[in-house]
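One structure is given below, encoded as structure tokens.
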Amino acid sequence: MSQHAVEANFDGLVGPTHNYAGLSWGNVASKANVHAVSNPREAALQGLAKMKRLADRGYAQGILPPHERPHLPTLRRLGYAGTDTDILAKVAREAPALLAAVSSASAMWTANAATVSPSADTSDGRVHFTPANLSAKFHRAIEHEVTGRSLRAIFADERYFAHHPALPSVAHFGDEGAANHTRLCAGYGAPGVELFVYGRVAFNEDAPAPTRFPARQTLEASQAIARLHGLADAHRVFAQQNPAAIDAGVFHNDVIAVGNGNTLFYHELAFLDEARTLADIRARLTGTELHAIRVDAAEVPIEDAVASYLFNSQLLEAPGGMLLAVPGECREVASVSRYLDRLVASGGPIQAVEVFDVKQSMKNGGGPACLRLRVVLTDEERQAVNPGAWLTDALYAKLTAWVERHYRDRLSQDDLADPKLLDEVRTALDELTGLLGLGSIYDFQR
Ligand SMILES: NCCC[C@H](NC(=O)CCC(=O)O)C(=O)O
């Protein structure tokens, strides 16, 4: 028996400290734009415009809030003491890299917020959430606690929603959430196959692994999530990401593959064992046939896939076929632009391509797909979601005005030490939790 369900997208609202600090070794864009001056206001408005366009098309669109940054509680835990102003001045002087890390607006990339398993797949029939520990990068490893609070505030009803704490925050259980997790199914309410893609095997030093850049996700982490979420073998597949792709800058699987419904769109270098990955999915997928759309390196070289973020698109179910929501950069890379024209003309499941401008986020290595967390919800579960988190026309208007009121239009690394910035952030976020009906989720509110 399958119930009617939809795929909702919960986008991260870009925070007021969005900046380019070059924090992510292995993420080409983050390193390329180190110390560029950012525009947090534009970043947030670009994100909101994407959400609005999709909401207007009838997609269920939700919001996850930004985090409090700079995060003074982390600095205090690391031994800095005194007033907030004293601490900011001292860290800026002694350890500017640490100040940048605790100031990142990286919680905006909600594909890394958590792994979510829909109720049709789990043993207890509830939707399961596990915030990602993001242990590979210090600036991201401090996200999961507040992410967990936000998720609990939005998906509060325990009859429908189950929340787990993040996995142990060590390299062995490095977990990057939904960016390495794809669900394939005949229909959203039907049982699906959850594809977990990992970069290395922590407890086997002989297993293949990248040599240049870090593999952020381990097999052991993916297996733990599948256990916690109560996914039987029929609902899960584990596949290793091609180490060569990671070494080419593909730090998450969602930089080289995207799937939805019965369609998997991926680059030939995505998986270490492509044939086995597809066979494992096909053996479990029921009620439909898998459409595997493979992009060859001869058509789109992996460097072009990374530069354009072709695969970091949102693949969305649309009337009469699927829609690929791509970042603007896809039209700036010739091989990719030509490929997209051929794709739409091919008569396959992807019928339309639409361009979204998320350049501020792209310069840190986050495309349309990074900016959203997918949550499949039955009609009943959807009713149980905290209504404040849905992007309505009224909320869109309030949030754009809120951004325009509180956000700066330029932020350099030096600005991060400005005590006024911290005040601005807290004032804005305090107002935001009211707008979204979230209660007190931030440390400064507790
Ligand atoms: N899913 C997209 C994540 C992008 C993110 N970038 C960053 O954190 C860069 C931040 C900076 O360099 O300022 C990351 O690499 O995890």
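The values are calculated or read from the model by the stated rules, or taken from the named source; none is laboratory data. What you see is a predicted model, and the numbers here were worked out from it, not measured in a lab. Here the Cβ positions follow ideal geometry from the backbone for every residue, glycine too, while neighbour counts run over all protein chains shown.
The table for this structure:
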| quantity | calculated |
| --- | --- |
| Matching residues, segment 305-334, being surrounded by fewer than 18 Cβ atoms within 10 Å (Cβ to Cβ), farther than 29 Å from residue 187 by Cβ and not basic (Lys, Arg) | 328, 332, 334 |
| Output for segment 425-446, where each listed residue is on the phi < 0 side of the Ramachandran plot, surrounded by 13 or more Cβ atoms within 10 Å (Cβ to Cβ) and of a type in the set (Gly, Ala, Ser) | 428 |
| Total residues in segment 230-267, condition within 11 Å of residue 181 (Cα to Cα) and free of Cβ contacts under 8 Å to residues at least 40 places away in the same chain | 0 |
| Residue check, residue 387 exposed (fewer than 14 other Cβ atoms within 10 Å of the Cβ), within 22 Å of the chain's Cα centre (by Cα) and at pLDDT 95 or above | yes |
| Among the candidates 237, 250, 258, residue that is within 16 Å of the ligand (Cβ to nearest atom), in a strand (DSSP E or B) and buried (at least 18 other Cβ atoms within 10 Å of the Cβ) | 258 |
| Odd one out for residue 317 among (1) out of contact with any Pro (no Cβ under 7 Å at 6 or more places or on another chain); (2) over 30 Å from residue 163 (Cβ atoms); (3) not small (Gly, Ala, Ser) | (2) |
| Wholly within segment 27-144, strands (runs of 3 or more DSSP E) carrying at least 3 residues that are under 17 Å from the mean Cα position of the chain (by Cα) and more than 14 Å from the ligand (Cβ to nearest atom) | 61-64, 127-131 |
| When residues of segment 281-296 are limited to those that are in a loop (DSSP other than H, G, I, E, B) and out of contact with any helix residue (DSSP H, G or I) (no Cβ under 9 Å at 6 or more places or on another chain), the one farthest from residue 254 (Cα to Cα) | 287 |
| Test: residue 153 is within 18 Å of residue 441 (Cα to Cα), within 16 Å of the ligand (Cβ to nearest atom) and either aromatic (Phe, Trp, Tyr) or out of contact with any Phe, Trp or Tyr (no Cβ under 8 Å at 6 or more places or on another chain) (or both) | no |
| Test: residue 404 is farther than 30 Å from residue 320 by Cβ and either modelled with pLDDT of 95 or more or not hydrophobic (A, V, I, L, M, F, W, C) (or both) | yes |
